[in-house]
1. Going by how many other Cβ atoms sit within 10 Å of their own, how do His196, His264 line up, fewest first?
2. When ranked by the protection proxy of mean other Cβ atoms within 10 Å per residue, highest first, what sequence do the peptides 148-156, 248-256 form?
3. Counting other beta carbons within 10 Å of each residue's own, what order do Tyr243, Tyr12, Tyr31 fall into, fewest first?
4. Add -39500 (n - 2.57) for each DSSP H run of 4 or more in the chain, then divide by its residues: what number comes out at 222 nm, to the nearest 500 deg cm²/dmol?
5. In whole Å, what three semi-axes, largest first, describe the equivalent ellipsoid of the chain built from its Cα gyration tensor (square root of 5 times each eigenvalue)?
6. Counting other C-beta atoms within 10 Å, which of Thr75, Thr247 has the fewest, and how do the rest follow?
Amino acid sequence: MNKGILLILAGYIGWGLFPLYWALLKDVGAYEVLAHRMLWSVPVLLLFVSLKYSWRKSFSTTIKNPKELVWLLLTALLITVNWGLYIVAVNSDRVVEASMGYFLSPLLNVLGGFLVFKEQISRLKQLALLFATIGVFYYILSVDHLPWLGLIIGFSFAAYGVLRKYIQTEAVPGLLVETLLLIPLSLGFILYLAIHKQASFLNSEGLITFWLILAGLVTVVPLVLFTSGARLLPMTTTGILFYITPTMQFLVGVVIFNEAINPHQLIGFVGIWIGLALYAIALIKDN
């Protein structure tokens, strides 16, 4: 099998299994998990960036560019919202809802490309967006509460993707800069919890402290695999294979976590899936 496909599959499968990992930290507050996820990502990212010349150069160039740093601060806030709310989704048994957001994000990226980069949208992609929109609205009307978690997760991830396309910094060194920009907040929150004796870190039984430290590795490795694989593959292949991630998350929510999904919600998902299928066909035709 193509090396690029193997790398990107490993990254997507890692992201698809995220709910199982975050479920290990279900007894820890979501924001404490988020703070440790950011904190422990820094040493892992420093290691990876130090191993590759182009990443070292990209990082060095970026930290000397005030304009780039401002953009990366904005993307840092977006990815923080995305990470944090996904942990909240797992903690509150809403993995299926969160997967809806990640199913939506590729289609939202198409819309973002049209609005921000003035990219042309073929009729097939327009039809894909229409089906996805109908599916989302049907899903919203089928539940007794607004699925705000899934919607914000999808929109924040799509907005992050659009902005990162605009920013020149490569993905991995860019994530290092993003985490470094927000690390004072993470450390401050962790210190606050420790002072008020509310911290789970070093104060919990079992492997909680270990899982919190491991959060950095779990966060960074799939991204590095994805970045390495994407460099070797056409964008079409990268885009189509991404659907593995939300599909796995959806199945984890339904099959392993036994989250309820009624027929009307399923119909909403079918609309989104039809949109994704049409989008995949459009990608193949465009290449």
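1. His196, His264
2. 148-156, 248-256
3. Tyr31, Tyr243, Tyr12
4. -26500 deg cm²/dmol
5. 30, 25, 17
6. Going from sparsest to densest Cβ surroundings: Thr247, Thr75.
Bear in mind these aren't lab numbers, they're just calculated from the coordinates by the rules spelled out. The structure displayed is predicted, hence computed values, not measured ones. Neighbour counts run over all protein chains shown; Cβ positions are idealised from the backbone, glycine included.
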